[in-house]
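The values are calculated or read from the model by the stated rules, or taken from the named source; none is laboratory data. Please read these numbers as outputs of a predicted model, since none were measured by experiment. Because the Cβ atoms are built from the backbone with ideal geometry, glycine has one as well, and the counts that use them run over all protein chains shown.
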Amino acid sequence: MRILDFLNEKAVSSDLKSKDKNSVIKELADLLIKSGQLKPKDRDPVVKVLLNREALGSTGIGQGIAIPHGKCEYVSELIGAFGVSKSGIKFDSLDGEPAYIFFLLLAPIESSGPHLKALARISKLLKDKYFRDSLKSADSEKTLVKIIKEEDIRRV
């Protein structure tokens, strides 16, 4: 599985404006709406699903990375959004550091395989500090997509 199998290029932001966990999750959900993958009426219930998942334990995995994710009836396949915060956001991360790199994943309720494969793929790629630094310093959505594509191909 590759990142661009579930990440729509229109659901990418190189400059997230949010300052806290709740608003960054909403901002990422808005990217899914902008890309046409999520209906505007489903935004609030989806955000609730994601925040309920956060209540179980933060998806801020450390090293400046957060992967908010959840399962819901509002999607028929695995979808994702991606964004970078230039200033960092307090996300209750495991290492206590702010998160800068955000992958949001939504999967259908009855799905588990693709959801878990996507989490594993993202985690594997983001272990590379050079890749993380490249994402954080990208100046446009086009550059972010190019970096992700290249890394996806390089690390089969």
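Just one of the numbered conditions (1) in contact (Cβ under 8 Å) with a residue 24 or more places away in the chain; (2) farther than 21 Å from Asp30 by Cα; (3) crowded, with 18+ Cβ neighbours inside 10 Å is not true of Phe131: (1). Take the conditions (1) within 19 Å of Lys34 (Cβ to Cβ); (2) of a type in the set (Asp, Glu); (3) touching a residue at least 12 places away in the same chain (Cβ under 8 Å); Glu97 misses just one of them, which is (1). When segment 30-46 is limited to residues that are part of a helix (DSSP H, G or I) and charged (D, E, K, R), the one that is farthest from the chain's Cα centre (by Cα) turns out to be Lys41. Looking only at residues that are assigned to a loop (DSSP other than H, G, I, E, B) and polar (S, T, N, Q) in segment 83-119, which one is surrounded by the fewest Cβ atoms within 10 Å (Cβ to Cβ)? Once the filter is applied, the top-ranked residue is Ser112. Only one of the listed residues (Gly64, Gly80) is crowded, with 20+ Cβ neighbours inside 10 Å, at pLDDT 95 or above, small (Gly, Ala, Ser) and farther than 21 Å from Lys10 by Cα. That residue is Gly64. Taking the criterion of being at positive phi, out of contact with any Gly (no Cβ under 6 Å at 6 or more places or on another chain) and not β-branched (Val, Ile, Thr), would at least one residue in segment 11-21 satisfy it? Checked segment 11-21: no residue is at positive phi, out of contact with any Gly (no Cβ under 6 Å at 6 or more places or on another chain) and not β-branched (Val, Ile, Thr).
Residues in segment 146-153: is at least one at pLDDT below 95, surrounded by 12 or more Cβ atoms within 10 Å (Cβ to Cβ), in contact with a Lys or Arg (Cβ under 7 Å, 6 or more places away or on another chain) and charged (D, E, K, R)? The answer is yes, given that some residue of segment 146-153 is at pLDDT below 95, surrounded by 12 or more Cβ atoms within 10 Å (Cβ to Cβ), in contact with a Lys or Arg (Cβ under 7 Å, 6 or more places away or on another chain) and charged (D, E, K, R).
Got at least one residue in segment 41-60 being touching a residue at least 24 places away in the same chain (Cβ under 8 Å) and under 21 Å from Lys149 (Cα atoms)? No, every residue in segment 41-60 fails to be touching a residue at least 24 places away in the same chain (Cβ under 8 Å) and under 21 Å from Lys149 (Cα atoms).
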